[in-house]
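Inspection log for the structure reproduced underneath, given as structure tokens.
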Amino acid sequence: MNRLNCAILSLLVFLTVSTSGGAQQAPSTSSHVPQYRLPEKGKIPVAFVISADAVTIDFAGPWEVFKDVLIQERGKTMAEQFVFSLYTVSDSRQPVKTSGGMQIVPDYTFDDAPPPTIVVIPAQSGRSTKMLDWIRKMTLQSDVVMSVCTGADVLGDAGLLKGKPATTHHLYYDEFHNAFPDVLLEKNRRFVQSDAVIFTAGGLSSGIDLALHIVKLYVGPVRAEQTAKLLEYEGLGWKGNGEAQSEVSHPPASH
């Protein structure tokens, strides 16, 4: 099975996964310590790394989460109230055909992209030297570098997950372990924090949970909850530390 075709498996996201214990955070290879602070002025830049076959929900889900975060006290207009600014980065500005045939024209290349505070890496087929070098550099200066689904393979290919916990789409556990045996694979997790900067999410909609978790780090749980409600997103995985959330249980009816 081609690991890059996570989109084909979207119907499987409804499968129930069991809860596992919390992962131990591995030491960061970066001396950079994230502060998760809102700037007094301006927005938090978020870069989405894309190449051919990028899985749409892997980047579109987190994109919508970050786009919809706003704080009214930050300005009079909605444009001023939005917290994050979003852009795409690729090897060139040539159109990129993502999963399902969607075409995206990247905003920047790895040579001229403004420095992001947050980096999102969806499942995709690209593994250029420029991409991997740029991602390595971002782990030394960004607050967050997060993968979604088999986007974890990109981090693995960049050598950024050695000896650290990580997760990926549940159908690719064996393939991921075989490719990266020195990574501490965490199964049945919505997301895992690998070190001070790197986070990995499970498949597809898990990226929404991780994005909401990152939003919570910057603006707190109340505004993260408001964002989830605006999205009409009912998943609970973002509220914890990435443990898979089962359906809310109801007490038995009294007789």
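The values are calculated or read from the model by the stated rules, or taken from the named source; none is laboratory data. Since the model is a prediction, treat every value here as computed from it, not as a measurement. Cβ coordinates were reconstructed from backbone atoms using ideal geometry, including for glycine residues, and neighbour counts include every protein chain displayed.
What tally of residues in region 36-69 results from selecting those that are in a helix (DSSP H, G or I) and either among the basic types (Lys, Arg) or out of contact with any Cys (no Cβ under 7 Å at 6 or more places or on another chain) (or both)? Outline the logic, then answer.
Of region 36-69, the ones in a helix (DSSP H, G or I) are 56-67.
Subsequent filtering for residues that are either among the basic types (Lys, Arg) or out of contact with any Cys (no Cβ under 7 Å at 6 or more places or on another chain) (or both) retains 56-57, 59-67.
Number satisfying all stated conditions: 11.
Scan region 159-178 and report the pairs whose first residue is part of a loop (DSSP other than H, G, I, E, B) and whose second residue is of a type in the set (Lys, Arg), with Cβ atoms within less than 6 Å and a gap of 6+ or a chain change.
167/189
Is it the case, given these coordinates, that residue 85 is of a type in the set (Ser, Thr, Tyr), at negative phi and assigned to a loop (DSSP other than H, G, I, E, B)? Don't jump to the end; show me each part of the working.
On the way: of a type in the set (Ser, Thr, Tyr): yes; at negative phi: yes; assigned to a loop (DSSP other than H, G, I, E, B): no.
So residue 85 does not fit the description; no.
On the given criteria, is residue 211 modelled with pLDDT under 95, small (Gly, Ala, Ser) and surrounded by 16 or more Cβ atoms within 10 Å (Cβ to Cβ)?
On the way: modelled with pLDDT under 95: no; small (Gly, Ala, Ser): yes; surrounded by 16 or more Cβ atoms within 10 Å (Cβ to Cβ): yes.
For residue 211, the condition - modelled with pLDDT under 95, small (Gly, Ala, Ser) and surrounded by 16 or more Cβ atoms within 10 Å (Cβ to Cβ) - is not met.
Can you pull out every residue in region 187-202 that is outside any loop (DSSP other than H, G, I, E, B) and either among the small types (Gly, Ala, Ser) or at positive phi (or both)?
Kept after step one, since they are outside any loop (DSSP other than H, G, I, E, B), are these residues of region 187-202: 189, 191-193, 198-201.
The answer is 201, and nothing else.
Considering each of 91, 111 in turn, give the residue that is buried (at least 16 other Cβ atoms within 10 Å of the Cβ), more than 30 Å from residue 221 (Cβ to Cβ), at pLDDT 95 or above and among the acidic types (Asp, Glu).
Working: 111 fails: buried (at least 16 other Cβ atoms within 10 Å of the Cβ).
Selected residue: 91, the only one of 91, 111 that is buried (at least 16 other Cβ atoms within 10 Å of the Cβ), more than 30 Å from residue 221 (Cβ to Cβ), at pLDDT 95 or above and among the acidic types (Asp, Glu).
Run down 186, 225, 175 and say which single residue is of a type in the set (D, E, K, R), crowded, with 22+ Cβ neighbours inside 10 Å and modelled with pLDDT of 95 or more. Before the answer, list the steps.
Working: 225 fails: crowded, with 22+ Cβ neighbours inside 10 Å; 175 fails: crowded, with 22+ Cβ neighbours inside 10 Å.
Residue meeting the stated conditions: 186.
Looking at (1) more than 21 Å from residue 209 (Cβ to Cβ); (2) crowded, with 18+ Cβ neighbours inside 10 Å; (3) not hydrophobic (A, V, I, L, M, F, W, C), find the lone condition where residue 37 falls short.
The one condition residue 37 does not meet is (2).
Which residues, taken from region 153-178, are over 14 Å from the mean Cα position of the chain (by Cα), within 19 Å of residue 49 (Cβ to Cβ) and aliphatic (A, V, I, L, M)?
Listed by number, the residues that qualify are 158, 160, 161.
Determine the pairs where a residue that is within 20 Å of residue 48 (Cα to Cα) and touching a residue at least 12 places away in the same chain (Cβ under 8 Å), located within region 66-80, has a partner that is assigned to a loop (DSSP other than H, G, I, E, B) and of a type in the set (Val, Ile, Thr) with Cβ atoms under 6 Å apart, the partner being 6 or more residues away or on another chain.
Listed pairs, sorted by first residue: 69/83.
Can you tell which of 133, 143 is modelled with pLDDT of 95 or more and surrounded by fewer than 20 Cβ atoms within 10 Å (Cβ to Cβ)? Don't jump to the end; show me each part of the working.
Working: 143 fails: surrounded by fewer than 20 Cβ atoms within 10 Å (Cβ to Cβ).
On inspection, the qualifying residue turns out to be 133.
Pairs please, first residue from region 181-203 and closer than 15 Å to residue 217 by Cα, second anywhere and polar (S, T, N, Q) and in a strand (DSSP E or B), Cβ atoms under 7 Å, 6+ apart in sequence or on different chains.
Close Cβ pairs satisfying both conditions: 191/200; 192/200; 199/193.
Yes or no: residue 44 out of contact with any Lys or Arg (no Cβ under 6 Å at 6 or more places or on another chain), of a type outside the set (S, T, N, Q), at pLDDT 95 or above and farther than 18 Å from residue 143 by Cα?
On the way: out of contact with any Lys or Arg (no Cβ under 6 Å at 6 or more places or on another chain): yes; of a type outside the set (S, T, N, Q): yes; at pLDDT 95 or above: yes; farther than 18 Å from residue 143 by Cα: no.
Answer is no for this residue.
So, in region 99-144, of the ones that are outside any loop (DSSP other than H, G, I, E, B), in contact with a strand residue (DSSP E or B) (Cβ under 8 Å, 6 or more places away or on another chain) and among the polar types (S, T, N, Q), which residue ends up nearest to residue 86 (Cα to Cα)?
Applying the filter and picking the extreme gives 109.
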